[in-house]
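This report refers to the structure that appears directly beneath it.
The values are calculated or read from the model by the stated rules, or taken from the named source; none is laboratory data. It should be emphasised that the depicted structure is a prediction, and the values quoted were computed from it without experimental measurement. Cβ sites come from the backbone with ideal geometry, for glycine too, and all protein chains shown count toward neighbours. We work out accessible area using only protein heavy atoms, side chains counted, and drop any ligands, DNA or RNA first. Shrake-Rupley method; radii C 1.70, N 1.55, O 1.52, S 1.80 Å.
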Amino acid sequence: GLTMRFAEHVANLKYEDLPEAVLEKATLILRDGIGNEIAASAISEPANVVISLVKEWGGAPQSTIVGHGMKVPAPNAALVNAMLGHGIELDDAHGTGLIKAGSVLVPSAFAVAELAGASGKDVVTGLVAGYDIAIRIAKAINPGHRERGYHTTGTVSAIAAAAMSARLLGCNAEQIAWAIGLGCMQSAGIQSYLDDPCMAKPFSPGKAAYNGVLAAIMTSRGFTGPKKALESREGFFNAFTNKV
């Protein structure tokens, strides 16, 4: 099925197979993502509220909060860094996919790479794989997904972050499929903040990153997920759009 084909693609993609133009674009996205996080670290009120909470919670010093020099559990670092990544609204966007994947995938990649000791080449390859899944799913379900009120950056990016993070943790294709399934199960994000201005908008990519990283860590420990989560009768496509 589709979920397993995506998982095999993520598992089998090699740095050496990436065209030069793709490598250049991926490294640009990584630099841009970190730049957005650094810029927002001083001025994003929503992100800094949650950063205060995460610092208060503490936990295992696994991954760094950008701009704050503190290490926290990897899912928490992904959460706050993704909020920073979306904090100044300069993150990259895909027009027909209606998604800003970078604000989720870049912080997730760095949080998991720091946890796993992954190399720079691993991060670039994982990011490319994550983007491939995110854009393909986003294009498949939009504009119907958006017309139903969903925030694609929150919903779809969680799935891509789960797949990418599982690869960075050394998972095989079956485990990556589990992670995609757990990402689908946690997929969430509506855009009601458009009708009532508030702090909530960056929380959507923040939770997508948190959920994706959590899903990957769980599957790396043997926690199984549904391997037909995208395409099955009870799966993501049937639940989240009427137009595929």
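Just a few scattered comments:
- The C-beta contact set for the range 206-228 (first residue closer than 16 Å to Ser187 by Cβ and open to solvent by 10 Å² or more (accessible area, probe 1.4 Å), second residue not aliphatic (A, V, I, L, M) and not in a helix (DSSP H, G or I), distance under 7 angstrom, 6+ apart or interchain) comprises Lys228/Gly1; Lys228/Gly235.
- Qualifying positions in the range 26-49 - acidic (Asp, Glu), open to solvent by 30 Å² or more (accessible area, probe 1.4 Å) and closer than 16 Å to Lys100 by Cβ: Asp32
- The residues in the range 1-21 that are free of Cβ contacts under 8 Å to residues at least 60 places away in the same chain and either at positive phi or not in a loop (DSSP other than H, G, I, E, B) (or both) can be counted, and the count is 5.
- When restricted to residues that are open to solvent by less than 10 Å² (accessible area, probe 1.4 Å) and assigned to a loop (DSSP other than H, G, I, E, B), the range 231-244 contains 2.
- Each residue in the range 188-230 was checked for being in a loop (DSSP other than H, G, I, E, B) and more than 22 Å from Lys100 (Cβ to Cβ), and 9 of them qualify.
- Residues that are in contact (Cβ under 8 Å) with a residue 24 or more places away in the chain, among the hydrophobic types (A, V, I, L, M, F, W, C) and part of a helix (DSSP H, G or I), drawn from the range 42-64: Ala47, Val49, Val50, Ile51, Val54
- Residues that are among the aliphatic types (A, V, I, L, M), within 15 Å of Gly1 (Cβ to Cβ), open to solvent by 10 Å² or more (accessible area, probe 1.4 Å) and part of a helix (DSSP H, G or I) occur at least once in the range 173-187.
- Filter result for Ala40 (modelled with pLDDT of 95 or more and either closer than 27 Å to Ile135 by Cα or touching a Cys at 6+ places or on another chain (Cβ under 6 Å) (or both)): yes
- Note on the range 150-172: residues that are touching a Ser or Thr at 6+ places or on another chain (Cβ under 9 Å), of a type outside the set (Phe, Trp, Tyr) and surrounded by fewer than 24 Cβ atoms within 10 Å (Cβ to Cβ) total 3.
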